[in-house]
1. Calculate the spin-label point distance for ASP204 paired with LEU97, positioning each point 7 Å from the Cα along the beta-carbon direction, and give it in nanometres.
2. Excluding residues on the same chain fewer than 8 positions from LYS55, give the aspartates and glutamates whose Cα lies under 15 Å from its Cα.
3. What is the gain in length, in nm to one decimal, between SER24 and THR56 on full extension, counting 0.36 nm per residue of separation less the C-alpha to C-alpha distance?
4. Looking at the square roots a ≥ b ≥ c of the eigenvalues of the Cα gyration tensor of segment 151-222, which shape do they give, rounded for a/c under 1.5, prolate if a/b is larger than b/c, or oblate?
5. So if each residue of separation counts as 0.36 nm, and I subtract the Cα-Cα distance between THR119 and ASP41, what length gain in nm does that give?
6. What FRET efficiency would be calculated for the residue pair ALA111, ALA193, taking the C-beta separation as r and a Förster radius of 30 Å, to the nearest 0.05?
7. Evaluate the distance, in nm, between pseudo-label points positioned 7 Å from the Cα of GLU48 and of THR66 along their respective Cα→Cβ axes.
8. With the other protein chains left in place, how much accessible area per residue, in square angstrom, belongs to segment 22-66 at a 1.4 angstrom probe?
Amino acid sequence: EERPALVIPDGVDAAAVGEAAAASAATAYAAELATLKDAVDTQRSEIETLLNAAKTVEQATAEAATTANAQAAIAKIVSALDAGQPFDAEITTLQSLDVGEVDPALTAVSADGVATLSTLQSEFPDQARKALATARASGVEEGQQGLGGFLKRSLGARSVAPREGNDPDAVLSRAEAAIKGGDLNATLTELDALPEEAQAAIADWRTAADARVAARAAADAL
């Protein structure tokens, strides 16, 4: 529409000139349309790149928030284990974050918590005496014959310092030294060497200790 008026000299076929002009305009229009299409395609690509980047940032932000919330819940669980407190709410938080299956060693004790290390330490001497008395009642210990053995059995005397040997008194002496040092795993390993009768006598204490060890291991794994 903005083209100058076409002036046709005398003797020139006006129809031919008009067709040529129309063809030229169509070619120019097609070229301009192609340029516009390329520009639109470029802009579309740039917009898609921006949207993908926005999605990536949003996803990364969401993942970071999930990680932070999970770490906070796990820290509270560890504190609860150390204090012997329940941690049901923290387990629920972890499950809602969909961070994977929570170990049954934690879910099984989350309502009541586990025995603290200090509680297990304070209870162990009485448990050791009970286990040793049961072992002695079930049979004569190696090297416990005679008057010394009779007095030990009668008075409930036992070794309070760790010593070598496979007899129940020696095993319990090493187990007690280990738990005094805070090494509950070593204590439980030593107790495995007790005769069945002695292990049965301290089964409740052992169950509480096993639950604590398993729960702490599960929390560490998280």
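1. Here the modelled spin labels are 3.7 nm apart.
2. GLU46, GLU63
3. Stretched fully, the SER24-THR56 segment lengthens by 6.7 nm.
4. prolate
5. Here the segment from THR119 to ASP41 would lengthen by 20.9 nm.
6. After rounding, the FRET efficiency stands at 0.35.
7. For the pair GLU48/THR66, the computed spacing is 2.6 nm.
8. Spelled out: the 1.4 Å probe surface of segment 22-66, per residue, equals 83 Å².
The values are calculated or read from the model by the stated rules, or taken from the named source; none is laboratory data. Just so it is clear, the model here is predicted, and its values are computed rather than measured. Don't worry about glycine lacking a Cβ; one is built from the backbone with ideal geometry, like all the others, and counts go over all protein chains shown. These area figures cover heavy atoms from the full protein model, side chains too; ligands, DNA and RNA do not enter into them. Shrake-Rupley method; radii C 1.70, N 1.55, O 1.52, S 1.80 Å.
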